[in-house]
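Remarks on the structure that follows.
What follows draws every value from the coordinates through simple rules; no lab data is involved. On a predicted model such as this, the values are computed, not experimentally measured, just so you know. When we count neighbours, we look across all protein chains shown, and the Cβ atoms used for this are built from the backbone with ideal geometry, even at glycine.
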Amino acid sequence: WGFAATLHAALRRGGEEVHAAPMAGFDPARFPRARRFIVMAATYGNGAAPAGARGFLDGLAAMKRPPAAPVAVLGFGDRSFPAFCAYGEAVAAAAADLGWSGLLPFATVDRQSPQDFARWGQALGRAIGLELALAHKPAVPETGALTLIARRDFGAEVQAPGAILRFAPPKTPFWQRLRRRGFARFEAGDLIGILPEGSDVPRFYSLASSSRDGFVEIVVRKYPGGLCSGRLVALEPGQTVRAFLRRNPAFHAGRGRTPLLLIGAGTGVGPLAGMIRANRRGRPVQLFYGLRDRASDFFYGEELDAWRAEGRLSRLVTATSRGARPHYVQDALRAEGAAVVALIREGARVMVCGGREMAAGVAEALAEILAPAGLSPMTLKAEGRYVEDVY
């Protein structure tokens with residue numbers, strides 16, 4: 001949206017009439033006078049559409065004829081992910097299949113690069129006969145002060161120091177509380193963004209708590225050379241960080257009695273633990289949890305035992321990658337294949353959180369497990385029953 005605002009302003013300065021809207025619900029019939037369409041498509045996680053673009057591809061597939069005005073598709077993503085700009089590519093391919101005439105070849109912006117965006121803007125300007133200088137400067141979000149009130153350290157014995165960090169929520173203005181904006185309302189699975197010193201690009205951490213808990217909690221592992229993770233892991237109670245909230249509705253547990261199959265590894269257990277904590281009505285929830293060593297980095301180990309006793313967690317399966325019999329969370333899924341298939345046949349929703357290699361291994365294991373039952377991760381994703389929060 002920040003890049004869209006920069007483009008919108010530049011086109012208006014050039015004398016163009018511009019309308020900006022989410023991709024979701026796109027209907028070209030609403031814009032009969034449009035002379036061109038520009039689609040800016042971010043890729044979320046492992047190739048998925050962001051929440052604001054849900055249904056766009058289905059809408060294209062349902063069209064009997066392409067829009068009359070030509071289209072340019074610009075993809076946004078992170079080249080360190082294997083599925084770099086995969087959703088943008090899917091949009092460009094679907095437009096071509098529909099016969100939608102192209103204004104420009106498909107192009108990409110890597111990791112919010114202003115230089116990539118400026119080069120694309122020059123090409124767009126030549127295509128529409130306008131001198132277009134896109135000097136994008138990321139808007140710094142309004143932040144609040146989070147004060148650390150408690151920390152628990154893990155992972156030193158396996159050379160992977162990490163911590164569960166609990167912060168007091170920032171004071172929120174009355175209007176935010178009234179409208180439930182900012183930190184006035186959040187859920188496990190939402191994100192907090194923290195700007196490391198000397199960087200304009202925020203680092204995001206999944207929340208392991210909800211506003212009902214009365215605190216803001218995250219799980220952080222220190223990465224070599226990590227500006228933000230190093231600072232967070234060194235934080236002492238009483239010290240503060242500046243942060244902002246970003247909602248992540250695609251990765252909320254939701255309400256109801258639909259069973260949940262939660263799968264996570266390492267710090268990825270954070271939002272899953274927050275969902276279990278919030279399960280006060282005894283919804284059926286099973287957790288498959290991968291860690292390195294139970295004695296060293298078993299995040300939420302004590303709480304998970306207590307939550308099982310309270311009926312918030314139905315079943316816990318752990319997999320440890322260090323020790324006499326190392327195995328991973330995908331190995332645990334294979335070993336429990338029959339139970340996993342039965343749970344999914346009952347309508348369970350699968351939620352996966354953790355590193356992208358783990359997520360790829362989980363998807364591969366579930367594909368093997370589900371194939372004899374005529375199911376697959378892809379079909380579950382299409383039904384909204386398989387969601388990932390991958391980093």
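For the chain, DSSP calls about 45 percent of its internal beta bridges antiparallel.
Counting other Cβ atoms within 10 Å as a rough exposure proxy, the listed residues D97, D331 run D97, D331 from fewest neighbours to most. Overall shape of the range 144-249 was characterised from the C-alpha gyration tensor. The equivalent ellipsoid obtained from it has semi-axes of 24, 15, 12 Å, in decreasing order. Considering only Cα atoms, the convex hull volume of the chain works out to 161 Å³ per residue. Computed over the range 317-391, the alpha-carbon pair-distance distribution with 10 angstrom bins reads 19, 54, 24, 4, each value a whole percent. P(r) for the range 2-128, from all Cα pairs and a bin width of 10 Å, is 12, 46, 36, 6 %, short bins first.
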